Amino acid sequence: MDKAKIKETALGGLLRNNPTFVLVLGTCPTIATTSSLFNSFAMGVATMFVLVFSNLFISLLRRVIPERVRIPCYIVIVSTFVTIVQMVMRRFLPDLYTSIGTFIDLIVVNCIILARAESYAACNKPLYSMLDGVSMGVGFTCALCLIGIVREFLAGGAFAGFAIPGFPVMDATAASVFGFIVFGCLMALFNFLVQKWNARAKRAEQSLPLVREGAEEVAK
């Protein structure tokens, strides 16, 4: 297996191709389900499950699925795993399903799922496709949880479901508007930090040949 490709795929969803902060995909569940850390985590894990297994099966069937009907076939595969998530959540987490169940249904047409199916799983081997699903899922989950923590603390006066005594709580409308502001600010901060990290890595890469030349001159 190509170690460079494994590393690029594994880190892609977390940094360079983060689905929330860089690709700006799945913004509907990002805003709607991040009112609390628990809901954010649950939505992220559900999406990651669907991502991993839909990528796997689409990759396995990529040479069998006819080109003309590939999108409907992808949706059938994705909807199968969404149904599994729904059944499990209804059986074991009914309160959570009542809270975010509508957005679980919408995973079927989530831009992240279909984008990875079309651009990655349909072109790569199953193991790489599963790794891409894990990477994108973890990146999506981390982004949702970060937004959820900030929103729950500043708009809801709580952390992980525990209320903070004396902390002001926004009403539903103000909290929703505040969600967009938090999303935008965290997106800007994330991209700023990633650009700084990339610039530093590029400078280190450019200075490496100079260091080697200096070492060779000293050796002579």
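Rule-based calculations on the coordinates, nothing more; no lab input. All values derive from a computational prediction rather than experimental measurement. As a convention, Cβ positions derive from the backbone with ideal geometry for all residues, glycine included, and neighbour counts pool all protein chains shown.
Percent of C-alpha pairs per 10 Å bin in segment 3-219, short distances first: 8, 29, 29, 19, 9, 4, 1, 0. Taking trypsin sites (Lys or Arg not before Pro) across segment 1-88, the ones in a DSSP loop with at most 16 further Cβ atoms lying within 10 angstrom of their Cβ are ARG16, ARG63.
Taking the Cα centre of the chain as origin, work out the dipole magnitude from +1 charges on Lys and Arg Cβ and -1 charges on Asp and Glu Cβ, in debye rounded to 20. Mind dumping the intermediate values first?
Details: 19 positive and 13 negative charges, 112 e Å.
Computed charge dipole of the chain: roughly 540 debye.
For segment 26-32, the Karplus equation 6.51 cos²θ - 1.76 cosθ + 1.60, evaluated at θ = phi - 60°, returns couplings of x, 5, 4, x, 4, 7, 6 Hz by residue, with Gly and Pro reported as x.
Contact order for the chain, expressed relative to its length and based on alpha carbon pairs under 8 Å spaced 6+ residues apart, stands at 34 percent. Close amide H partners of ALA158, meaning residues 5 or more places away or on another chain with modelled amide H under 5 Å apart, are PHE153, ILE164. Membrane-span-like helices in the chain (whole DSSP H runs, Cα extent of at least 20 Å along the helix axis, mean Kyte-Doolittle hydropathy of at least -0.5): 37-60, 70-92, 126-154, 172-219.
Taking the chain as a Gaussian network of alpha-carbon nodes connected by springs under 10 Å, the highest mean-square fluctuation of the residues ALA143, ALA163, ALA199 belongs to ALA199.
Working out 0.36 nm times the residue gap between LEU127 and GLU8, then minus their Cα-Cα distance, what length gain in nm do you get to one decimal? Mind showing how you got there, number by number?
Details: separation 119, 0.36 × 119 = 42.84 nm, distance 1.37 nm.
Once the chain is fully extended between LEU127 and GLU8, it gains 41.5 nm.
Across segment 70-183, C-alpha contacts under 8 Å between residues 6 or more apart give a mean separation that, scaled by the residue count, equals a relative contact order of 16 percent. Distant-in-sequence amide contacts of ALA122, defined by a placed amide H-H separation under 5 Å and a gap of 5 or more residues or a different chain, comprise nothing. Here segment 23-58 is scanned for amide nitrogen atoms under 20 Å from the site 7 Å beyond the Cα of LYS202 along Cα-to-Cβ, giving 23. Counting lysine pairs in the chain whose alpha carbons fall under 27 angstrom apart, excluding pairs fewer than 8 residues apart on the same chain, gives 9.
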